[in-house]
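A quick write-up on the structure given underneath.
Here, each number is a calculation from the coordinates, and none is a lab measurement. Nothing here was measured: the structure is a model prediction, and the numbers come from that model. As a convention, Cβ positions derive from the backbone with ideal geometry for all residues, glycine included, and neighbour counts pool all protein chains shown.
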């Protein structure tokens, strides 16, 4: 009886080692990089109004309204911090929204509002009161995605 018990324990240990050796490696989350890397993301663009100067607290109490475009991502991302960069030192995880910075806002992207898009640009970390998400993207290009009519 004792021999069967030892054989059973040895078999169980061998089985555990076999499962550990045969199991696929757990992949660590692969994070995106801050500028200067060019990044392409998918999502839906929404226009949101935020309180601006002077207090950045309440439009009702006199702060100027600021309109910003926010990309609601199709799936959350993470961005790896760069300890050598003065602004982009923080690693951020589970990012679901990214504020879009469009340098020449001449109205060319208005038709993309509330649509599913593909946006390419460079990421940077928030560092002023005008930055409404922890990570922002300076837009290089923005296009309707193949399923752009879906939200």
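Figures for the structure shown
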item: Segment residue 114-residue 93, extension gain: residue separation times 0.36 nm, minus the distance between their alpha carbons; result: 5.1 nm
item: Cut-off 14 Å, label 7 Å out along Cα→Cβ of residue 143, residues of the stretch 108-135 by amide N; result: 117-121
item: Virtual spin-label span in nm between residue 105 and residue 56, 7 Å along Cα→Cβ; result: 1.7
item: Residues 137, 142, 110 arranged by fewest to most Cβ contacts within 10 Å; result: 110, 142, 137
item: Exposure proxy ranking, count of Cβ atoms within 10 Å, fewest first, for 74, 114; result: 114, 74
item: Proxy reagent accessibility, fewest Cβ within 10 Å first, across 73, 41, 144; result: 144, 73, 41
item: Length-normalised contact order of the stretch 32-144 in % [C-alpha pairs under 8 Å, at least 6 apart]; result: 30
